[in-house]
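Working notes, structure below.
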Amino acid sequence: MTDIAFRDELEVFRKEEQVAQQYFFAWLQIRTELAADEKLLDRINDTPLFWITAHHALLLAAFVALGRVFDQRSRHNVDVLLKMARNNKAIFTQDALRARKIREGVTPVFAAEYVLGKYEASDADFRALRGEVAKRRRVYEELFRDVRDKIFAHKELSDRDEMNALLGRATIDELKSLFGFLHALHEALWELLFNGRRPILCLPDFELPTRPRTPSHSDAPGEIVARDVATFFDKLMAPARAGA
């Protein structure tokens, strides 16, 4: 397998984990904004069916995308990605990194200097990452898989009490932690492939926006979309707030 094949699989993973966190954090920020501002809630209630539809669709999409990441029946999932990495460690050597840098357009001399001292991944690295994935898979399967399968994906439940019992197990903090892990895993593998850095997981906190909201180049997509939601509602309510 070439490093291009792994890069492509990594890009599929990036899109999946990022859209999942975007759906979830957009849903969460809408919920947060409406709970905090009674006048905003009154304004939104002018068009209730649209907002109910959008709110439900965002949460549904988040669970479906999260399911694709963990579902071992999926053609592309987190286990496929790590298996490709583990079985093709040669793409994480200094020689392979030097070849990638040359392919990107840098000179052979610069590429040779760049790779000096860069990290070369080992079996132990991938065993550690697989262990971290296994921990998160247990959380997903215990708390969220039935929500995805029985409520959103296949509509197996019609009893409201059963549905509420399942949803009651799906805590926001656990979901935020799962999305943070997946984001950190992508970043670690990307840095390993393109910059020869040891794959260390740096878990984001996923802070919801406060006012004033200052963008940062390190913001994750979930944080960016949450800030966009807050900005949209601020602009929507600006005339009313100015006249208050």
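The values are calculated or read from the model by the stated rules, or taken from the named source; none is laboratory data. Keep in mind that what you see is a predicted model, and the values were worked out from it rather than measured. Note that we place each Cβ from the backbone using ideal geometry, even for glycine, and neighbour counts take in every protein chain shown. Each accessible area value is taken on the protein alone, full model and side chains, heavy atoms only, with ligands, DNA and RNA left out. Shrake-Rupley method; radii C 1.70, N 1.55, O 1.52, S 1.80 Å.
Pick from 90, 54, 35: which is open to solvent by 40 Å² or more (accessible area, probe 1.4 Å) and out of contact with any helix residue (DSSP H, G or I) (no Cβ under 7 Å at 6 or more places or on another chain)?
Working: 90 fails: out of contact with any helix residue (DSSP H, G or I) (no Cβ under 7 Å at 6 or more places or on another chain); 54 fails: open to solvent by 40 Å² or more (accessible area, probe 1.4 Å).
Just one listed residue meets the conditions, 35.
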Selected residue [under 20 Å from the mean Cα position of the chain (by Cα), of a type in the set (Ser, Thr, Tyr), modelled with pLDDT under 95 and more than 25 Å from residue 191 (Cα to Cα)] from 32, 53: 32
Evaluation of residue 122 against (1) under 27 Å from the mean Cα position of the chain (by Cα); (2) open to solvent by 80 Å² or more (accessible area, probe 1.4 Å); (3) farther than 19 Å from residue 14 by Cβ (one fails), failing number: (2)
